[in-house]
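The values are calculated or read from the model by the stated rules, or taken from the named source; none is laboratory data. Since the model is a prediction, treat every value here as computed from it, not as a measurement. Methodologically, a virtual Cβ is constructed for each residue, glycine included, from the backbone with ideal geometry; neighbour enumeration extends over all protein chains shown. Surface accessibility is based on the protein's heavy atoms, side chains included, excluding ligands, DNA and RNA. Shrake-Rupley method; radii C 1.70, N 1.55, O 1.52, S 1.80 Å.
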Amino acid sequence: MSRTFYFVEMEKILIPDEGFDTPQQLTLFNQGIDADPRTKLKVVESNFYNGWDRLEGFHEQIDKTPRRMNGNPDYLHVSIVGGNLPFTSYLKKDEKMFLFNTSKSNVLGLQKRLVKFFPDTFIPKKSKVNFPYLLKMLQNATVVSSWFNGINGKVNAVGLFGERVDLDSAFEHYKNIGELSAITLELESEHSSKPFEVMITKFFGVILYTNWELKKDLDFLLELKTL
């Protein structure tokens, strides 16, 4: 079973006691104007574990997939989704760093909306993983897959799979003509009795293919981040 986390480093983060909760326009009676999509993020347990606060939130998004409501013959061409899918995140205040346990679209959308409505208290850093540096630091690790995008041609994305794909000439070729967007590593750690796989994406996403308990996840992810 895999779990997905996203690191987000902050320039500034000041969460009010009531949490972040984006405002909504009022719904006007009989005018068909719906309330805006909503984003909420609140601390629910301070110092949950080893300096991490635990937060809960949700991020609503506009979905343009046509769908029909039960009992209504007409299709809706725009709807708001996500409010019924809360997620958990963790904040290490002394390092001004979030770990979001949710999807990439939620993480990127949440940041964009909170920056818009709370520009003085929610300021994330904008950065991507430096893969050349990471591979240098993990030169003893086994790279078992890699993904490249931004390739100009009939194929715009390529995946490579093997025992050490980073040592293959194809890896260098696609690195030169595209952008490395994700790698999967086979690692060894004191947290596991046998090798395990971890995927790292360019937006600081980490997918763990382990069955660890949550606190071990947090310990490992913090060690990985120090690289």
| remark: Among Ile151, Phe20, Phe122, the residue whose Cα sits farthest towards the positive end of the charge dipole of the range 20-151, when +1 is placed on the Cβ of each Lys and Arg and -1 on the Cβ of each Asp and Glu, is Ile151
| said: For a quick check of understanding: with a 1.4 angstrom probe and all protein chains in place, what accessible area in square angstrom does His173 have, to the nearest ten? | reply: 100 Å²
| said: Taking 28 Å as the cut-off for C-alpha to C-alpha distance, list the pairs among Lys96/Lys175; Lys64/Lys92; Lys154/Lys175 that go past it. | reply: Lys96/Lys175; Lys64/Lys92
| request: Estimate the FRET efficiency between Val115 and Met137 by the formula 1/(1 + (r/R0)^6), using the beta-carbon distance for r and 35 Å for R0, to the nearest 0.05. | output: 0.70
| Charge dipole magnitude, Cβ of K and R +1, D and E -1 - the chain, Cα centre, debye nearest 20 | 540 debye
| note | Semi-axes a, b, c in Å (a largest) for the range 1-154, each sqrt of 5 times a Cα gyration tensor eigenvalue, come to 33, 24, 15
| List the trypsin sites (Lys or Arg not before Pro) in the range 98-185 that DSSP assigns to loop (not H, G, I, E or B) and whose Cβ has at most 13 other Cβ atoms within 10 Å. Which are they? | Lys125, Lys126, Lys128, Lys154, Arg164
| query | For the charge dipole of the chain, defined by +1 on Lys and Arg C-beta atoms and -1 on Asp and Glu C-beta atoms about the Cα centroid, which residue among Thr226, His59, Val44 has the Cα displaced farthest towards the positive pole? | reply | His59
| GluC sites (Glu not before Pro) within the range 143-227: which are DSSP loop residues with at most 14 other Cβ atoms inside 10 Å? | Glu163, Glu188, Glu190, Glu213
| said: Which one, Leu14, Leu91, Leu167, has the greatest fluctuation when you compute a Gaussian network model over the chain with C-alpha springs under 10 angstrom? | reply: Leu167
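Taking the Cα centre of the range 99-174 as origin and charging only Cβ (+1 Lys, Arg; -1 Asp, Glu), how large is the dipole, in debye to the nearest 20?
Details: 10 positive and 5 negative charges, 104 e Å.
Roughly 500 debye, rounded to the nearest 20.
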| Nearest 10 degrees, 0 to 90: what angle lies between the long axis of helix 214-225 and the longest principal axis of the chain (Cα atoms)? | 60 degrees
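FRET efficiency for Lys216 and Lys104, Cβ-Cβ distance as r, R0 = 22 Å, nearest 0.05?
Efficiency, rounded to the nearest 0.05: 0.40.
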| request: Starting from the Cα gyration tensor of the range 108-227, take the square roots of the eigenvalues, sort them a ≥ b ≥ c, and report rounded, prolate or oblate (rounded when a/c is under 1.5, otherwise prolate if a/b is larger than b/c, else oblate). | output: oblate
| request: May I ask you to rank Ile151, Ile177 by accessible area, largest first, using a 1.4 Å probe over the protein chains only? | output: Ile177, Ile151
| remark: Diffing the range 205-212: the Karplus 3J(HN,Hα) column from phi (6.51, -1.76, 1.60, θ = phi - 60°), in whole Hz with x for Gly and Pro, holds x, 10, 10, 9, 9, 9, 10, 5
| Where does each of Asp74, Asp94 land when they are ordered by accessible area, with a 1.4 Å probe and the largest first? | Asp94, Asp74
| note | Which of Asn72, Asn106, Asn149 fluctuates most in a GNM of the chain (C-alpha springs under 10 Å)? That residue is Asn72
| request: In nm, give the distance between the simple-model label positions of Ile207 and Asp74, each being 7 Å from the Cα along the Cα-to-Cβ direction. | output: 4.0 nm
| said: Running a GNM on the chain with Cα contacts under 10 Å, which residue among Asn70, Asn176, Asn211 ends up with the highest mean-square fluctuation? | reply: Asn70
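Given a Förster distance of 41 angstrom, what is the FRET efficiency for Glu188 paired with Arg54, based on the Cβ-Cβ distance and rounded to 0.05?
Efficiency, rounded to the nearest 0.05: 0.90.
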